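The values are calculated or read from the model by the stated rules, or taken from the named source; none is laboratory data. This is a predicted model, so every value here is computed, not measured. Counting neighbours? That spans all protein chains shown, and the Cβs are built from the backbone with ideal geometry, glycine included.
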């Protein structure tokens, strides 16, 4: 089974802060809109995404998340997570569509604790951007990496134009697996399963105890 790495790509340029209200008696709703994702051209992290794969993932994300009002993201990237923590939710994607090799979106800033922080930052003219959190396999090609098997997890609101070096290193060193049902799990789990299955039955009990200790240590340290 092939492993995937957790990747983040940020879009800051061209992002607009929009205020909308039905009338003077209704509260304003804050939005961020602009270019969310780019394919076929090297980005700031020297990665190139396949347009067909990205378009397919946007179609899936639109169907399963945006249209179901489930497309929430966090304020800042969590360290090495493939799930959205609802207590950290700050915004909800309401539109994501393709134009040539770019994907433009619009996201509503929520009235959650993290969303209110984002609203305050926007009111104070702090520049925020949108960053994808996704899985993919990296294939070196000259001075760039081609991303294969792109799997979009969510989009987060960020301040930095790209993931900080430390966070980027943690994300790329974490390896994950996607089964046929779309379930994401760390490769540490798969390593344990394969080793236990290969052991003689009479040695499994001791091996399981030792392996679980190593397994949890691997999950904790990412090594």
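Any idea which of (1) surrounded by fewer than 17 Cβ atoms within 10 Å (Cβ to Cβ); (2) assigned by TED's automatic domain parsing to the domain that holds residue 40; (3) at pLDDT below 90 is the one residue 135 doesn't satisfy?
Result: residue 135 passes all but (1).
Which residues, taken from region 16-45, are part of a loop (DSSP other than H, G, I, E, B) and modelled with pLDDT of 90 or more?
Scanning region 16-45 gives 39, 40, 41, 42.
Considering only region 118-132, state which residues are in a helix (DSSP H, G or I) and either out of contact with any strand residue (DSSP E or B) (no Cβ under 6 Å at 6 or more places or on another chain) or exposed (fewer than 15 other Cβ atoms within 10 Å of the Cβ) (or both).
Of everything in region 118-132, those that are in a helix (DSSP H, G or I) and either out of contact with any strand residue (DSSP E or B) (no Cβ under 6 Å at 6 or more places or on another chain) or exposed (fewer than 15 other Cβ atoms within 10 Å of the Cβ) (or both) turn out to be 120, 121, 123.
With 78, 113 as the choices, which residue is out of contact with any strand residue (DSSP E or B) (no Cβ under 6 Å at 6 or more places or on another chain), in the same structural domain as residue 156 (by TED's automatic domain parsing), modelled with pLDDT of 95 or more and over 14 Å from residue 31 (Cβ atoms)?
113
Output the residue which, of all residues in region 138-153 that are in contact (Cβ under 8 Å) with a residue 24 or more places away in the chain and more than 17 Å from the chain's Cα centre (by Cα), is surrounded by the fewest Cβ atoms within 10 Å (Cβ to Cβ).
Filtering first and then ranking leaves 143.
Just for region 89-109: of the residues that are touching a helix residue (DSSP H, G or I) at 6+ places or on another chain (Cβ under 8 Å) and buried (at least 18 other Cβ atoms within 10 Å of the Cβ), which one is nearest to residue 12 (Cα to Cα)?
The qualifying residue nearest to residue 12 (Cα to Cα) is 103.
For region 19-70, how many residues are on the phi > 0 side of the Ramachandran plot and loosely packed, with under 11 Cβ neighbours inside 10 Å? Show your work before the answer.
Just the residues of region 19-70 that are on the phi > 0 side of the Ramachandran plot, to begin with: 34, 40, 46, 69.
The next check asks that each one be loosely packed, with under 11 Cβ neighbours inside 10 Å; those that pass are 46, 69.
The qualifying residues number 2.
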